[in-house]
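Asks: I am attaching a structure below and will ask some questions about it afterwards.
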Amino acid sequence: MALVIKTITLGIHKEVNPGKRQAIVDTQALYNQTIAFYLDFFVAHRGVFDARKPYHKKDGTPSERPWTAQELLTFAEQQTLDTLAHPDPLQPLREVLPSARAMPVSLRRAAINHASGKVKAWNALVTRWESQKQPGQCPQLGAPHEPLTFYANLVAYPDFDLLAQQAARHTFIAVTLWHNQRWESVPLPVTLYEKVRPELAASQREQARIREAATSLRAMKGDRKHWEAADKEALRPQTWCAQSFTLYSRPDHRYPGHQRFSLHIPLEKWVDTPQKAEVQRAIDPGMTVVTVDLGVNRLAVIGAFHWGKLAATQFIAGGSLNHHRHRILTTIFHKRQQSGRLQKDVLDNGDLWQKVQNLDENAARQVAVRIVRFAQAHQAPVIVFEYLRRYHQPKEKMSRARRKNHKRAYWLRGKILRWVRDLAFREGILTVERNPAWTSQMCPQCATLGSRQGHHFVCQNPDHAYHADADFVGMMNLYKKWTKTFTYPRKHAGDEPKPLTAHAV
């Protein structure tokens, strides 16, 4: 079993109440000020990260270990918060940030844990820098600029109605913010898309199931700290289940205050880890396999094979994407020529470069989704790609814009592969790669070396008139490499294949 996570984004409505907008800004500022306070506290007590506590192993052997995150949290609260047990803390938080003293416990502890983790990593870097006497400046800690994370006790979700006639454009999610000089629940208007509503509704049902399972287990077995394996399996999310979400802000001149807010909700579930390729092939030699040949003008050629026969094919065109990208790159290089020498460390044509990046990222996601859905439709447990890594410059003469466009089109293959690997693993599908040598140059019918002119393949066998798209031929040969039946060309026509070598088992 493996835990997989995906994130959905809910945009906060553009015309949110100015008071609520200011509450978000004030809460985020107060949260980062609290983190900065505890950063200074842990820097002043660096010794706790090097200290060791004695404990006994399972076999009874005495040993030492570093402080845990819970112990660091307890230490920070004892030294900064005034309680009945510790009325006079060493470094009181209320004197520096009076409003942070009444901050919700989960939010304040999140700030403490973030500060302790950041200082712990910084302390390790400084210790290594001091021991190795490396040249250069000492590692710096930096100022915090973290988004707000809202836990379950800080959020109130609405009850989602799944009736078809209920077509609400937005709904409200109430979160605890610093509003009107006090901590109170503030409802924020968020935009709900048609795809998000059923996912959040299913998440709420899964959370209710987990709560009921945990209640029944406690009633039967008591409130234990360590559950058995079967009990943990029942408490794991079987479908997408929402976790604590985070509120992000980014600059955007189209929004009031030039800030755009959005809620990022992580969804997680447990899936069965797919078995290795050799194991799956040994169990079911004729299982359905999807092979994908990634290209430039044609982004992908997808084929589904079952018992050695091609069952379905899908072509994904990319000529319009290349044309659009080339036009933007041409504009960029024309502007560079007009502006003269570029300044060092100064980004030129930032909006255009961002547009090119968005085009490629959007295309990679869309193609990856289509590939995974194709594999799901044909119930294929394996997707086969070519192993493409190093980029080779084209030999023919090209303009700077065209050469850059060619390079970015090649990089797009890697982005598609990364997205497919991530999306396929969520569905329990294995992604493998095979050697790309000769995949688009060998005839898949008679295993004869053919000639390729652009995107057209022609078999050189005089007794076999076969011609097809070169990417389609590559997709066919990828399946042969999966089944290990691909025949590589010989160096000379008279060469005989090397005899098989017997290996002792």
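Asks: Of everything in region 228-251, what is in contact with a helix residue (DSSP H, G or I) (Cβ under 8 Å, 6 or more places away or on another chain) and exposed (fewer than 13 other Cβ atoms within 10 Å of the Cβ)? Give them in sequence order.
Replies: Selection gives P251 alone.
Asks: Taking V48 and the conditions (1) surrounded by fewer than 16 Cβ atoms within 10 Å (Cβ to Cβ); (2) within 34 Å of the chain's Cα centre (by Cα); (3) hydrophobic (A, V, I, L, M, F, W, C), which numbered condition does it fall short on, given that it satisfies the others?
Replies: (1)
Asks: Another one. Among D360, D351, D272, D345, which is acidic (D, E) and either in contact (Cβ under 8 Å) with a residue 60 or more places away in the chain or closer than 25 Å to P444 by Cβ (or both)? Don't jump to the end; show me each part of the working.
Replies: On the way: D360 fails: either in contact (Cβ under 8 Å) with a residue 60 or more places away in the chain or closer than 25 Å to P444 by Cβ (or both); D351 fails: either in contact (Cβ under 8 Å) with a residue 60 or more places away in the chain or closer than 25 Å to P444 by Cβ (or both); D345 fails: either in contact (Cβ under 8 Å) with a residue 60 or more places away in the chain or closer than 25 Å to P444 by Cβ (or both).
Residue meeting the stated conditions: D272.
Asks: I'd like the residue in region 1-21 that is surrounded by 15 or more Cβ atoms within 10 Å (Cβ to Cβ) and in a helix (DSSP H, G or I) and, out of all such residues, is farthest from the chain's Cα centre (by Cα).
Replies: By that ranking, first place goes to K20.
Asks: Continuing with this model, one more query. It is to be established whether one or more residues within region 296-307 are outside any strand (DSSP E or B) and at pLDDT below 90. Step through it out loud before you land on a result.
Replies: Here is the first cut: in region 296-307, the ones outside any strand (DSSP E or B) are 296-297, 307.
Retained after the next criterion (residues that are at pLDDT below 90): 296-297.
There is at least one residue in region 296-307 that is outside any strand (DSSP E or B) and at pLDDT below 90.
Asks: Sticking with this one: For residues that are among the basic types (K, R) and more than 11 Å from L423 (Cβ to Cβ), tally how many sit in region 352-372. Lay out the reasoning, then the answer.
Replies: Within region 352-372, the first condition is being among the basic types (K, R), and the residues that meet it are 355, 365, 370.
Retained after the next criterion (residues that are more than 11 Å from L423 (Cβ to Cβ)): 355.
The number of residues fulfilling the criteria is 1.
Asks: Another one. Can you tell me which residue within region 293-330, out of those that are among the polar types (S, T, N, Q) and out of contact with any Phe, Trp or Tyr (no Cβ under 7 Å at 6 or more places or on another chain), is surrounded by the fewest Cβ atoms within 10 Å (Cβ to Cβ)?
Replies: As a first pass, look at region 293-330 and keep what is among the polar types (S, T, N, Q): 297, 313-314, 320, 322, 330.
Among the residues that remain, those that are also out of contact with any Phe, Trp or Tyr (no Cβ under 7 Å at 6 or more places or on another chain) are: 297, 313, 320, 322, 330.
Details: N297: 15, T313: 13, S320: 10, N322: 20, T330: 16.
Checked region 293-330; the qualifying residue surrounded by the fewest Cβ atoms within 10 Å (Cβ to Cβ) is S320.
Asks: In this structure, does H392 turn out to be of a type outside the set (D, E), surrounded by fewer than 15 Cβ atoms within 10 Å (Cβ to Cβ) and in the same structural domain as L329 (by TED's automatic domain parsing)?
Replies: yes
Asks: Among (1) at pLDDT below 90; (2) of a type in the set (K, R); (3) surrounded by 13 or more Cβ atoms within 10 Å (Cβ to Cβ), there is one condition R224 misses while meeting the rest; what is its number?
Replies: Looking at each condition in turn, R224 falls short on (3).
Asks: Could you pull out the residue among P237, P187, P256 that is touching an Asp or Glu at 6+ places or on another chain (Cβ under 6 Å) and not charged (D, E, K, R)? Reasoning before the result, please.
Replies: Details: P187 fails: touching an Asp or Glu at 6+ places or on another chain (Cβ under 6 Å); P256 fails: touching an Asp or Glu at 6+ places or on another chain (Cβ under 6 Å).
The conditions single out P237.
Asks: For region 332-348, how many residues meet the condition of being over 32 Å from the mean Cα position of the chain (by Cα) and under 19 Å from D360 (Cα atoms)?
Replies: 1
Asks: Given the criteria under 30 Å from L235 (Cα atoms), exposed (fewer than 15 other Cβ atoms within 10 Å of the Cβ) and among the β-branched types (V, I, T), does T273 qualify? Before the answer, list the steps.
Replies: On the way: under 30 Å from L235 (Cα atoms): yes; exposed (fewer than 15 other Cβ atoms within 10 Å of the Cβ): yes; among the β-branched types (V, I, T): yes.
Answer is yes for this residue.
Asks: Here's a check for you: in region 47-78, which residue that is of a type in the set (F, W, Y) and assigned to a helix (DSSP H, G or I) is farthest from R128 (Cα to Cα)?
Replies: So in region 47-78, the residues of a type in the set (F, W, Y) come out as 49, 55, 67, 75.
Subset that is assigned to a helix (DSSP H, G or I): 49, 75.
Numbers: F49: 14, F75: 25 Å.
Taking the candidates together, the pick is F75.
Quick grid of which residues meet (1) buried (at least 16 other Cβ atoms within 10 Å of the Cβ); (2) assigned to a loop (DSSP other than H, G, I, E, B); (3) among the acidic types (D, E); (4) in the same structural domain as S185 (by TED's automatic domain parsing):
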site: M103; (1), (2), (3), (4): yes, yes, no, yes
site: R108; (1), (2), (3), (4): yes, no, no, yes
site: A115; (1), (2), (3), (4): yes, no, no, yes
site: N123; (1), (2), (3), (4): yes, no, no, yes
site: E130; (1), (2), (3), (4): no, no, yes, yes
site: G136; (1), (2), (3), (4): no, yes, no, yes
site: Q140; (1), (2), (3), (4): no, yes, no, yes
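Asks: From the residues in region 411-462 that are more than 13 Å from V372 (Cα to Cα) and in contact with a Leu (Cβ under 7 Å, 6 or more places away or on another chain), which one is surrounded by the fewest Cβ atoms within 10 Å (Cβ to Cβ)? Outline the logic, then answer.
Replies: Applying the first criterion (more than 13 Å from V372 (Cα to Cα)) to region 411-462 yields 411-415, 432-462.
Filter once more, so that each one left must be in contact with a Leu (Cβ under 7 Å, 6 or more places away or on another chain): 413, 434, 436, 439, 441-442, 460.
Details: R413: 21, R434: 20, P436: 18, T439: 23, Q441: 16, M442: 24, Q460: 12.
The qualifying residue surrounded by the fewest Cβ atoms within 10 Å (Cβ to Cβ) is Q460.
Asks: Between a residue in region 293-314 that is within 16 Å of A377 (Cα to Cα) and in contact (Cβ under 8 Å) with a residue 24 or more places away in the chain and any residue that is surrounded by fewer than 15 Cβ atoms within 10 Å (Cβ to Cβ) and polar (S, T, N, Q), which pairs come within a Cβ distance under 7 Å, given they are 6 or more apart or on different chains?
Replies: Final answer for the pair search is I302/T313; G303/T313.
Asks: Report, by residue number, each residue of region 454-485 that is under 16 Å from Q314 (Cβ atoms) and among the acidic types (D, E).
Replies: D469, D471, listed by residue number.
Asks: Return the residues of region 193-221 that are more than 19 Å from E268 (Cα to Cα) and surrounded by fewer than 11 Cβ atoms within 10 Å (Cβ to Cβ); say none if nothing qualifies.
Replies: So in region 193-221, the residues more than 19 Å from E268 (Cα to Cα) come out as 193-194, 215-221.
Of everything in region 193-221, those that are more than 19 Å from E268 (Cα to Cα) and surrounded by fewer than 11 Cβ atoms within 10 Å (Cβ to Cβ) turn out to be E194, T215, A219, M220.
Asks: Within the bounds of region 36-53, is there any residue that is closer than 25 Å to H145 by Cβ, in the same structural domain as V190 (by TED's automatic domain parsing) and charged (D, E, K, R)?
Replies: Checked against the condition, which is being closer than 25 Å to H145 by Cβ, in the same structural domain as V190 (by TED's automatic domain parsing) and charged (D, E, K, R), region 36-53 yields at least one hit.
The values are calculated or read from the model by the stated rules, or taken from the named source; none is laboratory data. For clarity, every value in this text was computed on a predicted model and none was experimentally measured. Cβ: placed from backbone, ideal geometry, glycine included. Neighbour counts: every protein chain shown.
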